[in-house]
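The values are calculated or read from the model by the stated rules, or taken from the named source; none is laboratory data. Computed from a predicted model, the values in this text were never measured in an experiment. All Cβ positions, glycine included, derive from the backbone under ideal geometry; neighbour counts span all protein chains shown. All accessible areas refer to the heavy atoms of the entire protein, side chains included, with ligands and DNA or RNA removed. Shrake-Rupley method; radii C 1.70, N 1.55, O 1.52, S 1.80 Å.
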Amino acid sequence: MKILSVVGARPNFMKVAPLHRVFLEHPSIKSKIVHTGQHYDVQLSDIFVRQLNLPQPDHCLNVGAGTPTQQMADIMLKFEGILHTEQPDWVLVVGDVTSTLACALVAVQLGVRVAHVEAGLRSGDRGMPEEINRILTDSIADLLFVTEQAGLDNLRREGVADGKVHFVGNVMIDSLVQYRQKANELDTLDSLGISSQSYVLVTMHRPANVDTESGLERLLQLVDDTAKYKTVLFPLHPRTRVKLKEFGLMQRLSAINNVQLLEPQGYLEFLNLMEHAAIVITDSGGVQEETTYLNVPCLTFRTSTERPVTVKLGTNQLLADLNPETVQQKVLEILDGQPKTGQVPPLWDGQTATRIAEILLRHP
Ligand code: UDP
């Protein structure tokens, strides 16, 4: 059985790496990887291939910069050629990025079965490009692998046949379980001159927060308020950096006291930084899950989350009013010693890739 897995953007590598590793253990599976090049910066791509022990991809589509539509069209045209050459039994896509939907669509058009890992998540916010990617990918996939109960509920509500849907847990947590120890052996904190629990880690890159001047102003306010209590470490996503420059706000951000602006971090460095943070403030999907697993307080600066288990069981709190004052209040609560404690959601146990491989083997 030949499986072609797709990576394209930062959050894809940590999901495909454990799957590829488990696939290699099965003599009857031939596993190949296609990298679309949706994220092409070294810091958002190559470093993850290296740190997660992925082989060099079998195919690189090198789509590079462009609008989502340009990227989508380019990925589709190039991926079609790859499918003709490779003739896989399955195309495996993960998450909710442009590459996920683009490759799923091409596969379906050519009659190749599609497995979607991290299926069924819904924020309810159709203004998010990721929500559209999730809905469309799920509606055409043949197997849907789900991370949490809400995913099962959403797919059932949308009328997806039960036989296609499998609750397997969270493959991103497989990577975390595998690399946590290695990450903790790094000297990331020393090299930044900070100690455990002495800082708040911030990541932001969603269009709703960084694409408009008002969104960025809110973000600056949030960082300014937080830095009054703790050092703020802020690895800047390239999108966020570009937008800050475009709106002429970079200097104001750099001038805030007690803030360290960093390059996007490698996976291991970022795991280390999350593990030792007093609080993580984010708009990332994956970071909500990783902090839940690590039991680190997380404040999510978004109006909704597609990962409600992180709020229900985990350490995550949604700052749905997007009001920096609410952030300040929550930060103070946590620093005053009232952090929300959580528990690890069901099946987030490091064995998800194994479960997925077993199910795929039943559908040769
Ligand atoms: N991450 C990283 N370096 C960073 C920020 C995040 O390695 O500087 C990792 C993080 O641990 C998680 C993934 O990137 O595994 C999340 O990616 P991102 O926030 O870009 O995407 P999302 O999950 O929001 O789709």
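Could you report the chain's accessible area per residue, 1.4 Å probe, as an integer in Å²? Provide the component values of the computation, followed by the final result.
Details: 14260 Å² over 364 residues.
Normalised by residue count, the accessible surface of the chain is 39 Å².
Quick one: which of 278-284, 241-247 comes out on top by average Cβ neighbours within 10 Å, and what's the full order, highest first? Intermediate results must be reported in sequence, preceding the final value.
Numbers: 278-284: 23.7, 241-247: 16.6.
Answer by packing, highest mean first, reads 278-284, 241-247.
May I ask you to list the aspartates and glutamates whose Cα is less than 19 Å away from that of residue 243, ignoring any residue fewer than eight positions away on the same chain?
41, 211, 213, 217, 224, 263, 283
Can you give the helix-only mean residue ellipticity at 222 nm for the chain, where every DSSP H stretch with n ≥ 4 adds -39500 (n - 2.57) and the sum goes over all residues, rounded to the nearest 500 deg cm²/dmol?
Values: 17 runs with 171 residues, N = 364.
Mean residue ellipticity, 222 nm, calculated: -14000 deg cm²/dmol.
Roughly to the nearest percent, how much of the accessible area of segment 21-139 is carbon and sulfur, given a 1.4 Å probe?
Details: 2700 of 5030 Å².
Within segment 21-139, the accessible surface is 54 percent carbon and sulfur.
Taking every pair of Cα atoms in the chain, average 1/r, invert it to obtain the Kirkwood radius, and report Rg/Rh to two decimals. Don't skip to the answer; put the middle values down first.
Details: Rg = 19.9 Å, Rh = 20.8 Å.
Value, to two decimals: 0.96.
In whole percent, how big is the carbon plus sulfur part of the accessible area of segment 228-314, probe 1.4 Å, protein atoms only? Intermediate values should be presented prior to the final figure.
On the way: 1440 of 2930 Å².
That fraction is 49 percent.
Identify all aspartates and glutamates with a Cα-Cα distance to residue 182 below 17 Å; exclude those on the same chain that are fewer than 8 residues away in sequence.
Within the straight-line cut-off, residue 182 pairs with 174, 190, 269, 275, 290.
Measuring from centroid to centroid over Cα atoms, what is the spacing of segment 145-217 and segment 320-342 in Å?
19
Whose amide H sits under 5 Å from the amide H of residue 315, counting only residues 5 or more places off or on another chain, with H placed in the peptide plane?
292
Classify segment 184-300 as rounded, prolate or oblate, taking a ≥ b ≥ c as the square roots of the eigenvalues of its Cα gyration tensor: rounded when a/c is under 1.5, otherwise prolate if a/b is larger than b/c and oblate if not.
Working: a/c = 1.72, a/b = 1.45, b/c = 1.19.
Since a/c reaches 1.5 and a/b is larger than b/c, the shape of segment 184-300 is classed as prolate.
Lysines within cross-link reach of residue 30: Cα-Cα under 26 Å, excluding same-chain residues under 8 positions apart?
2, 15, 78, 164
Beta carbons within 10 angstrom, averaged per residue: use that to sort the peptides 59-69, 114-124, highest first.
On the way: 59-69: 14.9, 114-124: 24.1.
Averaged packing, sorted descending, gives the order 114-124, 59-69.
What helices in the chain pass both tests, a Cα length along the helix axis of 24 Å or more and a mean Kyte hydropathy of -1.0 or higher, using whole DSSP H runs?
Working: long enough: 10-25 (25 Å, -0.06); 68-86 (26 Å, -0.16).
Helices meeting the span and hydropathy rule in the chain are 10-25, 68-86.
Could you order 305, 137 so the one with the most accessible surface comes first? Probe is 1.4 Å.
Values: 305 20, 137 0 Å².
Sorted descending by solvent-accessible area, the residues read 305, 137.
Taking the Cα centroid of segment 237-251 and of segment 283-314, what is the distance between the two, rounded to the nearest whole Å?
A separation of 25 Å, based on Cα centres.
For 179, 40, what's the largest-to-smallest order of accessible area, 1.4 Å probe? The partial results should precede the final answer.
Details: 179 10, 40 125 Å².
Per-residue accessible area, sorted high to low, gives 40, 179.
Quick check: with the 1.4 Å probe, what order do 85, 203 take by accessible area, largest first?
Details: 85 105, 203 15 Å².
Highest to lowest solvent-accessible surface, that is 85, 203.
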